[in-house]
Amino acid sequence: MPEPIQKKVCMIGSYGVGKTSLVRRFVESIFDERYQTTIGVKIDRKRVVVDETELNLILWDLAGEDELAQIRDSHVRGASGFILVADGCRAATLERAVSLRQLLGKPVAGIPFVLAINKADRAADWEIPASSLEELARTGWRLLSTSAKTGDGVESLFETLARSMLTSMQDRAVDGI
């Protein structure tokens, strides 16, 4: 069997949206109620199989960014995909995720991404209007509802992104890129 394909994935979003919790749920199948601020970058790995292709996902959990100028090109350079994370209970985090996507611009142009609306276990408390999510979906954004606490949607989130990265890789090979 060939060596797994290595793919760098960046987790991007505001402070406290659940980026680290989503990674821990995905990699270690655990959830911890205690909030732990990520300082700089935390890197984890998980091997997955998607459509009979083995991938070694290298997950870059970037510190929460509320100041748009804080994300460094060096953090996203070489990424094959990224996950924007918003907290369904804080509408401002969706606005921030959209702003971060625009800020990233050229360094991630054409790179697959998924927007995770986290904290689905608290959907009754969500502040993000469905109309905002529908508008993003109409513009081509992939959106998934997740709960790091319960695990709902977490595997699907990473599988969806992995599948998009494989498709992108195959498309570039066909185009000779």
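For ILE58, the shell of other residues with beta-carbons less than 10 Å away shows a net charge of +3, using +1 for Lys and Arg and -1 for Asp and Glu.
Cross-link reach is defined here as a Cα-Cα straight distance under 18 Å, omitting same-chain residues fewer than 8 places apart; for LYS8 the lysines meeting it are LYS19, LYS42, LYS46, LYS106. Less than 5 angstrom separates the built amide H of VAL50 from those of LEU55, all sequence-distant by 5 or more or on a different chain. Extension gain for the segment LEU143 to SER168, taken as residue separation times 0.36 nm less the Cα-Cα distance, is 7.2 nm to one decimal. Counting charges near ASP125 (Lys, Arg +1; Asp, Glu -1) among other residues having Cβ under 14 Å from its Cβ returns a value of +1. With θ taken as phi - 60° and the Karplus curve 6.51 cos²θ - 1.76 cosθ + 1.60 applied, the whole-hertz 3J(HN,Hα) list for the range 109-118 is 4, x, 7, x, 8, 9, 9, 9, 9, 8 Hz, x standing for glycine and proline. Working note: Debye formula, equal point scatterers on the alpha-carbon atoms of the range 5-175, no solvent; log10 I(q)/I(0) at q = 0.19 Å⁻¹ is -1.32.
Laboratory data are not the source of any read-out in this text; all were calculated from the coordinates shown. All values derive from a computational prediction rather than experimental measurement. So basically every Cβ, Gly included, is an ideal-geometry build from the backbone, and we count neighbours across all protein chains shown.
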